[in-house]
Amino acid sequence: MDVKEIIKPENQVYGKTELLTDNVMHYCPGCTHGVVHKLMAELIDEMGLQEKAIGVAPVGCAVFAYNYIDIDWQEAAHGRAPAVATGIVRLNPEKFVFTYQGDGDLASIGAAEIIHACNRGENILVVFINNGIYGMTGGQMAPTTLEKMVTSTTPCGRDTELNGYPLKMTDLVAQLPGTSYVTRQSAQSAPAVRKCKRALKKGIKNVLDKKGTSFVEVVSSCNSGWKMTPVKANKWMEENMFPFYPLGDMKDSEKDKPVSNN
Amino acid sequence: MKGNEVLAEAAIRCGCDGYFGYPITPQSEVMETLMLRAPWNETGMKVLQAESEVAAINMLYGAAATGKKVLTSSSSPGISLMAEGISYIAGAELPCLVINVQRGGPGLGTIQPSQADYSQAVKGGGHGDYKMIVLAPSSVQEMNDFVDLAFKLAFKYRNPAMILADGAIGQMMEKVELSDYKKCWTDEEVIEKWGSWATTGKPSSRERNVITSLELDSEKMEANNQRFQKKYRQMEAEEQRYETFQCEDAEYVLVAFGTSARVCQKSVEIAREKGLKVGLLRPISLFPFPKKIISELAPKVKGFLSVEMNAGQMVEDIKLAVHEAGSTRRVEFFGRMGGIIPTPGDVVAAVEQKFLKE
């Protein structure tokens, strides 16, 4: 049988969404960003949101997200994506607005903006890639860096006396009444990717239903920053990151009663 | 009406889509007036109190990038916090209006009026080579008029514009003729008037729009900068605005903007009564600085006195304009700092002391 007889639409089992551009990604092999970009592109395509979607890119490795997903994008200053998204969505409430941020961007320099955007319940989806490190600038300590974890600015490992403790942003924002869906996912295996896609889809749906802020953390590896092979980085993530950042839904306003401080 | 209240009213009436701000004296009445007026019920204009000036300017960035007509207001320390965001807005070429009702500095300084942010406003203020269009009102009426004018210029050049007022004009009450109401533009009207650069969601009919100030290719980044500089030169050619008062026969010309220009108008009258031929040049656009009128006046006068509520900032631009005109005319400076407004008599005494006592 000739190969051309096999390559037919009816035989196709998987295709790349047209919303993922053909630009060669600048991400390191093994990086989680490419997978999550693909999931967002697929969901925006499948849910027919290209004309409604406005993405806000961060400063960090995902700064060029706008080169890879074929929708309108804005590039925010470091940490300010939730404020930028607020400006967009307040004046364009019918659009689907999301931020895509790393942990240096969201948990450190942009901590105020994310807390207040979530607390106001801005009707946006926040995609939070947490790899415990500043990837773009060469692997410095982030607020999310684990205790004793070696980075270029903690060469002897993170010392909590000097650097404080790793910050669980997702747990924090789950406490805020403005958030409707808060979850922590990963994307290192096929089952994890499928679960992650379901979580992102739920987040998008909540935004379309105007339920307030949805927040999807994706615990990720940074094999370049961690100085490991991609395989070893994923194993290290499972053994070290997952115990401290356990996966699963933290808040689902459909299922849970509202979080109360009383 | 109070100057700050008029800013709010003018924003509503000129078809503004949104305001983002953070409270700071002496301009908090802008957001207070907007919240009380609740324009979202009337014109559709949205108003939001941000968690900081940093957030406010970035909200402005996000909204402006969707083609909306948006503004923020603050006072000196708050504008410093916004400087990063203004640089991004200039780099991404977005139209918007930033209002600075200045107070004295440096640091927390004072809540009294000042003009000490002149250089910050006209030289850029944040990082990188950029300029804002800067308009300086000297009356409550101009607080009204310049809101619409600033937006017109901001959209014409796709550039941030600033109204550089001060605490005195913000707090002052005067009679004012408010503008008529204009409707907010629809997305379609924005595209028709200003092109389809905004991020409104990508239809199949166009490529995706990306609003960014980032370009890692140095050749392309230089080309971006050249485009910006060309735009700033066009502003210098087309947008110089000023007012002259009794300059026709003047031997000495006071140069002053905003509140100090009001003082100087009285100084001209006092000086004329004393037989001194003094006139006033009031720059309205601080960037572009009205160099042309200075080059016209330079050969006719004996000297310029820059009167400012700071340590002498605009005086440098006057010297530069005189120099560029090929003139050696004397340029002197008189100013008060720390929130003190000079009296008309102080200014006349300065003219006598600097030009006539030697």
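Quick note: the coordinates plus some simple rules give every number you see, no bench work behind them. All values derive from a computational prediction rather than experimental measurement. Cβ atoms come from the backbone with ideal geometry, glycine included; neighbour counts cover every protein chain shown.
Observations on the model:
- Helical contribution to [θ] at 222 nm, DSSP H n ≥ 4, -39,500 (n - 2.57), averaged over the protein assembly as shown, rounded to 500: -11000 deg cm²/dmol
- For A:Gln74, nonlocal amide neighbours, meaning residues 5 or more places apart or on other chains whose placed amide H falls under 5 Å from its own, are A:Gly55, A:Val56, A:Ala57, B:Ile211.
- Distance between the range A:148-209 and the range B:281-341 - C-alpha centres, whole angstrom: 56 Å
- For the range A:72-228, the alpha-carbon coordinates run over 49, 34, 30 Å along the three principal axes, in decreasing order.
- Hull volume in cubic angstrom per residue (convex hull over the Cα atoms of the range B:1-43): 62 Å³
- Within the range B:170-191: backbone nitrogen closer than 20 Å to the B:Arg206 label point (7 Å, Cα to C-beta): B:184-191
- Chain A: DSSP helices with Cα axial extent of at least 15 Å and average Kyte-Doolittle hydropathy no lower than 0.0: A:33-46, A:81-91
- Derived scalar couplings ³J(HN,Hα) [the range A:235-246; Karplus, 6.51 cos²θ - 1.76 cosθ + 1.60; whole Hz; x for Gly, Pro]: 5, 4, 4, 4, 7, 10, 6, 4, x, 7, 10, x
- Measure of compaction for chain A (Cα Rg per 2.2 N^0.38 Å): 1.01
- In summary, the lysines within cross-link reach of B:Lys354, defined as a Cα separation below 24 angstrom excluding same-chain residues under 8 places away, comprise B:Lys266, B:Lys274, B:Lys277, B:Lys291, B:Lys300, B:Lys302, B:Lys319.
- For the range A:34-95, the spread of Cα positions along the three principal axes, ordered from largest to smallest, is 29, 28, 14 Å.
- Equivalent-ellipsoid semi-axes of chain B, from the Cα gyration tensor, Å, largest first: 36, 23, 17
- Sequence-ordered 3J(HN,Hα) estimates for the range B:254-270 from the Karplus curve with 6.51, -1.76 and 1.60 and θ = phi - 60° stand at 7, 10, 7, 10, x, 4, 5, 5, 5, 4, 5, 4, 5, 4, 4, 4, 4 Hz, glycine and proline given as x.
- Derived scalar couplings between HN and Hα for the range B:199-204 equal 8, 10, x, 7, x, 5 Hz in order, rounded to whole Hz, by the Karplus curve 6.51 cos²θ - 1.76 cosθ + 1.60 (θ = phi - 60°), x for Gly and Pro.
- Cα-based convex hull, the range B:40-197, per residue volume (Å³, whole number): 114 Å³
- Evaluated at q = 0.10, 0.14, 0.16 Å⁻¹, the base-10 log of the normalised Debye intensity for the range B:1-121, with identical point scatterers placed on the Cα atoms, takes the values -0.27, -0.54, -0.71.
- Taking other residues whose beta carbon is less than 10 angstrom from the beta carbon of A:Phe215, and scoring Lys, Arg as +1 and Asp, Glu as -1, yields +1.
- Shown for B:Leu60, B:Leu149, B:Leu164, A:Leu146: other C-beta atoms within 10 Å of each C-beta, ranked fewest to most, produce the order A:Leu146, B:Leu149, B:Leu164, B:Leu60.
- Amide H contacts of B:Cys96 (H built 1.01 Å from N, in plane; Pro and chain starts excluded): B:Asn159, B:Ala161 sit under 5 Å, all sequence-distant by 5 or more or on other chains.
- Estimated inter-spin distance, B:Gln234 and B:Lys175, nm [label 7 Å along Cα→Cβ]: 4.0 nm
- Compactness ratio for the range B:198-301: Cα radius of gyration over 2.2 N^0.38 Å (N = residue count) comes to 1.72.
- GNM remark for chain B: springs join alpha carbons under 10 Å apart, and the peak mean-square fluctuation among B:Leu178, B:Leu81, B:Leu36 falls on B:Leu36.
- Just so you know, the averaged projected area of the alpha carbon convex hull for the protein assembly as shown sits at 34.1 nm².
- For the range B:242-356, the orientation-averaged shadow of the C-alpha convex hull comes to 6.1 nm² (one quarter of the hull surface).
- Exceedance of the 19 Å cut-off in Cα-Cα distance is limited, within the set A:Lys52/B:Lys220; A:Lys201/A:Lys251; A:Lys38/B:Lys68, to A:Lys52/B:Lys220; A:Lys38/B:Lys68.
- Shielding by partners - mean other protein chain Cβ count within 10 Å, residues of B:49-55: 6
- At 0.692 mPa s and 37 °C, Stokes diffusion of the range A:149-259 via Kirkwood alpha-carbon radius, µm² per second: 212 µm²/s
- For the range B:114-253, the spread of Cα positions along each principal axis, largest first, Å: 59, 39, 29
- Close amide H pairs (under 5 Å, H built 1.01 Å from N) link A:Gln140 with A:Tyr134, A:Ser152, residues at least 5 positions away or on another chain.
- Average beta carbon contacts from partner chains per residue of B:64-70, 10 Å cutoff: 5
- The mean number of partner chain beta-carbon atoms within 10 angstrom of a residue's beta-carbon across peptide B:206-215 is 6.
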